[in-house]
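Before any comments, here is the structure.
The values are calculated or read from the model by the stated rules, or taken from the named source; none is laboratory data. Owing to the predicted nature of the structure, the values given are computational and were not obtained by experimental measurement. Using ideal geometry, Cβ is built from the backbone for each residue, glycine included, and neighbour counts are taken over all protein chains shown.
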Amino acid sequence: MDSKASMRAIAIKQFGTTDELQLLELPIPVPSYGEVLIRIASLWC
């Protein structure tokens, strides 16, 4: 996997309405021994 690869994630940093949701660009996590990394994709129609 590319060491510079990133993913988009929705984060809730504080309690509140949906206005508190933030779109973040984060590095893709590297699973440890005994863990798995699951890729989720969606297609909006």
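Those residues that are out of contact with any Pro (no Cβ under 9 Å at 6 or more places or on another chain) and in contact (Cβ under 8 Å) with a residue 12 or more places away in the chain, I need them from segment 1-20; list them, please.
1, 8, 9, 10, 11
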| message | What pairs come out if I take residues in segment 21-45 that are in a loop (DSSP other than H, G, I, E, B) and pair them with residues that are polar (S, T, N, Q) and surrounded by 10 or more Cβ atoms within 10 Å (Cβ to Cβ) whose C-beta lies under 8 Å away, six or more apart or interchain? | response | 28/6
| task | Identify, by number, the condition in (1) surrounded by fewer than 10 Cβ atoms within 10 Å (Cβ to Cβ); (2) at pLDDT 90 or above; (3) not hydrophobic (A, V, I, L, M, F, W, C) that residue 27 doesn't meet. | result | (1)
| said: Checking residue 20 against (1) over 12 Å from the mean Cα position of the chain (by Cα); (2) loosely packed, with under 10 Cβ neighbours inside 10 Å, only one condition comes out false. Which one? | reply: (2)
